[in-house]
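Written out below as structure tokens is the structure these notes cover.
What follows draws every value from the coordinates through simple rules; no lab data is involved. Quick caveat, the model's predicted, so the values are computed rather than measured. Don't worry about glycine lacking a Cβ; one is built from the backbone with ideal geometry, like all the others, and counts go over all protein chains shown.
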Amino acid sequence: MLNSKKSLRFLGKLRLQKWYVPLSDKERKKISRDLVQTILARKPKMCSFLEWRDLKIVYKRYASLYFCCAVEDQDNELITLEIIHRYVELLDKYFGSVCELDIIFNFEKAYFILDEFLLGGEAQETSKKNVLKAIEQADLLQEEAEAPRSVLEEIGLT
Amino acid sequence: MPAPIRLRELIRTIRTARTQAEEREMIQKECAAIRSSFREEDNTYRCRNVAKLLYMHMLGYPAHFGQLECLKLIASQKFTDKRIGYLGAMLLLDERQDVHLLMTNCIKNDLNHSTQYVQGLALCTLGCMGSSEMCRDLAGEVEKLLKTSNSYLRKKAALCAVHVIRKVPELMEMFLPATKNLLSEKNHGVLHTSVVLLTEMCERSPDMLAHFRKLVPQLVRILKNLIMSGYSPEHDVSGISDPFLQVRILRLLRILGKNDDDSSEAMNDILAQVATNTETSKNVGNAILYETVLTIMDIKSESGLRVLAINILGRFLLNNDKNIRYVALTSLLKTVQTDHNAVQRHRSTIVDCLKDLDVSIKRRAMELSFALVNGNNIRGMMKELLYFLDSCDPEFKADCASGVFLAAEKYAPSKRWHIDTIMRVLTTAGSYVRDDSVPNLIQLITNSVEMHAYTVQRLYKALLDDISQQPLVQVASWCIGEYGDLLVSGQCEEEEPIQVTEDEVLDVLEGLLVSNLSTPVTRGYSLTAIMKLSTRFSSVNRIKKVVSIYGSSIDVELQQRAVEYNALFKKYDHMRSALLERMPIMEKTASNGPTEIVQTNGETDPSVVETKHPPPVTQSTNQATDLLDLLGGNDMVPVIQTSVPTKPASAGGELLDLLGDLSLSGGPAPTPAPSVPTSQPPFLLDGLSSQPLFNDIAAAGIPPMTAYNKNGLKIDFTFERANPNPNIAVITINASNSTEADMTDFVFQAAVPKTFQLQLLSPSSNVVPALNQGTVTQVIRVLNPQKQQLRMRIKLTYTHRASSIQDLAEVNNFPPQSWQ
């Protein structure tokens, strides 16, 4: 089970973070800070796994973003790498050649995608197609809900 | 009020900020606007505002005032609102917040919503951060959804159930009926999440585990289908069909097959199939192989399969991908205990990993290497490990050094090799070795009698090169103190003996005393070493000078030693050679326990004692009457009492008079001795007189006894009672010699059990004339407050017919009146 999942920017700014265990805000900030520093200190040729406190951290770098997951002792690190990769693929498909700005300006969408892929730290859908389909449908639903209001707005009746 | 700015605009604006302060200002302005908007209870823009708030929260700014707004969004009917509302709840709320519980009702309604995407949102939120109360309240709804035919909801419900079970384990039973036909689903999402749910249940409850064992054939079938089926574009990853599901099934099989023969047998074939058929060129394939290997090792698999698994790991070790090498080393470490021989085959690859650049891999390789060391490969392995020790990072050095010592201790092929190895560690990683290695090493060195000359020579040469590594310096100075005579006489057999003069040796030791690099402990070692050399070298004057200089040292420890050694030179010179004799061979006590107790022949190594924790005192209390306590009963008592006895053991240089029986762990603590003077002042002051102090015989006629009679030496005890204190027995020994040659340099020493206190006064002489022409008398005073049975161990040393003789004896035949 994943305990937390984050993506980090090159200079160490946290973009997205998802926590699956209850921790106070202060603790989360501290953990994030420590982890960011540790990972950014790693050299490029090093392996993607490291032991940190009593957890295993799996991280992978995609362009200027680092994606890292904290997993439990009995979890398979190699498949976690695949999970990270799958998430990036989903983002890529959704945004069309995703780049960091997409994630910044559409952070809520990135979260929605994550929540369609993982639940409680485990993968809920192993088919890329199905995840994207679900997001599409939900987006559609959202647009339908939005549509009437904007029409009213346009004619001046709010 | 104008419409609040859109999310994107806000993001764009904030990103234009050039400094942290500017950003903070913008954020504060916007927060104020949002707050007033919230106050106006504006439904239209609530969603937009909360979204902006979430963005600011992500940047690290406080956003708690938005928590209630999230709740309002969740309660709204609009899907957009719900989406953002639930996202906000997951980001801002957790079970520690009070408002958390208010969500329960909303979630309950949404779980029954007509739109599956709304239900999905609710399930997701509950499954990510539901508290135990929420889980308890909503478990029923989740269970209902677990049975629905809608696979979109079913898969989410399954993972939600996992969360519920984690939070409230008692509810696990409730989900059991719903699991009945989970595995007959075709939908991979549902299959995957179902396997996760089953895994969670099996891990938590042995009953569940037994119940679900019957699913093994079904799981095997599903796995087989995945492998054998053709290309399925929906689930394909680099040519492998749904690797996530495969890995999950393998993991569940592992749990089900553990300790169960039938299940293990049922999965044997499929495991072999997966192990041999999986494509290994990409990470995906290796992930599956990794899980397979873990499963094979954990269940009761047949040996062929196990060998297959270890070979897979061996192949992993040769893989270019670092990650693969890392997991291989981790797994091998887990299996090395059970499948030792199989792992041995890959030893050379593992040792190569020591040279890897990656820290995690190096650490794993080091641990694994130590696990693989055995009697056969010790020489080769040690070479590699020592090379590693030379070049590794400081964080590894301490562990590596300890590992080397342990391995060397267990498997050393020869004493010389062992000592060479230890020297190598001390010289390369000397500052990183643990404190307890110093006494361990000293003990080892004393035991290798034939290597003394070689050892001291090598240590001396090492000292000439480098005096900064304290453990090395301490061991070296101890050895030089002990074996300095061998060093100077150039007796080394193992290698070319070096030419060293006494002055050169003393120069080195004095250099240690003055060097800034030496710690106080090290200085103590070298001062003691110099002192010991006074009996081994001829340049006694020089030593006397050094010792007297340090009598006024600022360091209390050094000062105390120097003062005592000075006293040794001045008043007790006749005792000096006996006290500073070569140490006997030490027996090993617990090898990993607190440091070795150093037995001395009148000389303790206070620094060794310093590293001891309570043992001397606590252990003595456990060994009451059985062990003979080691007491100094000689005239040194007065000297000790004038100085500060911060550590009784360190005060006890001269006090200690350990006799034989080295398995005594009662230690050299002269705990009783310091207290003797305070309670009985008269004894202190009269210590030097050789006349018996008491002429009165209070107890009528305690019969004398013969304590010892061997090789012509006979020792008789006669008893008196001291009048002022009936607890004290005064024993006068008479030593006579019936042989034809004199016994010279006669020294009598005695020790008594812990509950007694003993004081030995000066003998009348140290020559026992031949043919019973005279006797040597000496007075022993024994304080026996508890009136226990008197026992004594005595040690005799003398020179007879040009050979020196030592003997130990126990005296148990004391007449009852002497101690009652």
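The loop-placed chymotrypsin sites (Phe, Trp or Tyr not before Pro) in region B:180-251, going by DSSP, that have at most 14 neighbouring Cβ atoms within 10 Å of their Cβ come out as B:TYR231.
Rounded to the nearest 10 degrees, the inclination of helix B:540-549 to the longest alpha-carbon principal axis of chain B is 60 degrees.
Could you tell me the center-to-center distance, by alpha carbons, between region A:68-98 and region B:60-111 in angstrom? Answer, in whole Å: 27. Amide H contacts of B:VAL811 (H built 1.01 Å from N, in plane; Pro and chain starts excluded): B:MET792, B:ARG793, B:ILE794 sit under 5 Å, all sequence-distant by 5 or more or on other chains. Pairs with C-alpha atoms separated by more than 30 Å, drawn from the list B:LYS155/B:LYS334; A:LYS43/A:LYS133; A:LYS128/B:LYS322; B:LYS570/B:LYS787; A:LYS93/B:LYS334, are B:LYS155/B:LYS334; A:LYS43/A:LYS133; B:LYS570/B:LYS787; A:LYS93/B:LYS334. Per residue, the convex hull spanned by the Cα atoms of chain B measures out at 269 cubic angstrom.
Is the shape of region B:100-255 rounded, prolate or oblate, going by the alpha carbon gyration tensor and its root eigenvalues a ≥ b ≥ c, with a/c under 1.5 for rounded and a/b larger than b/c for prolate? Cα axes put region B:100-255 in the oblate bin. For a paramagnetic label modelled at 7 Å from the Cα of B:GLU40 toward its Cβ, which residues of region B:66-81 fall within the zone defined by backbone nitrogen distances under 20 Å? Under 20 Å, as judged by backbone N against the label point of B:GLU40, lie B:66-70, B:72-73, B:81 of region B:66-81.
Given R0 = 56 Å, the distance between the Cβ atoms of B:ARG379 and B:SER803 translates into a calculated FRET efficiency of 0.85. Taking Cβ atoms as reference points and 11 Å as the exclusive limit, the residues near A:LYS109 contribute a net charge of -4, counting Lys and Arg as +1 and Asp and Glu as -1.
Between the helical axis of B:188-204 and the longest alpha-carbon principal axis of chain B there is an angle of about 30 degrees.
Available extension along the chain between B:SER132 and B:SER515 is 131.4 nm, counting 0.36 nm per residue and deducting the alpha carbon span. A straight Cα-to-Cα reach below 15 Å connects B:LYS300 with the aspartates and glutamates B:ASP260, B:ASP261, B:ASP262, B:GLU265, B:ASP269, B:ASP339, residues fewer than 8 places away in its own chain not being considered.
Here the Karplus relation 6.51 cos²θ - 1.76 cosθ + 1.60, evaluated at θ = phi - 60°, turns the backbone of region A:54-69 into coupling constants of 9, 10, 9, 10, 10, 9, 8, 9, 10, 6, 9, 10, 9, 10, 9, 10 Hz, with x for every Gly and Pro.
Does anyone have the angle between helix B:394-411 and the longest principal axis of chain B? Alpha-carbon axes, 0 to 90°, nearest 10? Taking Cα atoms only, the helix is inclined about 60 degrees. If you plug the beta carbon distance of A:GLN37 and B:LYS334 into 1/(1 + (r/R0)^6) with R0 = 22 Å, you get a FRET efficiency near 0.15. Sorting B:ASP390, B:ASP110, A:ASP73 from the fewest to the most surrounding beta carbons within 10 angstrom yields A:ASP73, B:ASP390, B:ASP110. The amide H of B:MET743, built 1.01 Å from its N in the peptide plane, has B:VAL768, B:ALA770 as neighbours under 5 Å, considering only residues 5 or more places off or on other chains. Candidate cross-link partners of B:LYS710 among the lysines, defined by an alpha-carbon separation under 19 Å and a same-chain spacing of 8 or more, comprise B:LYS795. Placing dummy labels 7 Å off each Cα toward the beta-carbon, the span from A:ASP54 to B:ASP555 is 4.3 nm.
From the cross-link list A:LYS45/A:LYS129; A:LYS13/B:LYS78; A:LYS13/B:LYS52; B:LYS415/B:LYS461; A:LYS29/B:LYS82; A:LYS29/A:LYS60, which pairs have alpha carbons spaced over 29 Å apart? Beyond 29 Å between Cα atoms: A:LYS45/A:LYS129; A:LYS13/B:LYS78. In plain terms, the chain from B:LYS258 to B:SER149 could stretch by 35.9 nm, reckoned as 0.36 nm per residue minus the Cα-Cα distance. Cross-link reach is defined here as a Cα-Cα straight distance under 14 Å, omitting same-chain residues fewer than 8 places apart; for B:LYS754 the aspartates and glutamates meeting it are B:ASP626, B:ASP629, B:ASP657.
Computed over the protein assembly as shown, the per-residue total of -39500 (n - 2.57) for DSSP H runs of n ≥ 4 gives a 222 nm mean residue ellipticity of -17000 deg cm²/dmol, rounded to 500.
Taking θ as phi - 60° and the Karplus parameters 6.51, -1.76 and 1.60, the scalar couplings of region B:6-19 work out to 6, 4, 4, 4, 4, 4, 4, 4, 5, 5, 7, 4, 9, 10 Hz in sequence order, x denoting glycine and proline.
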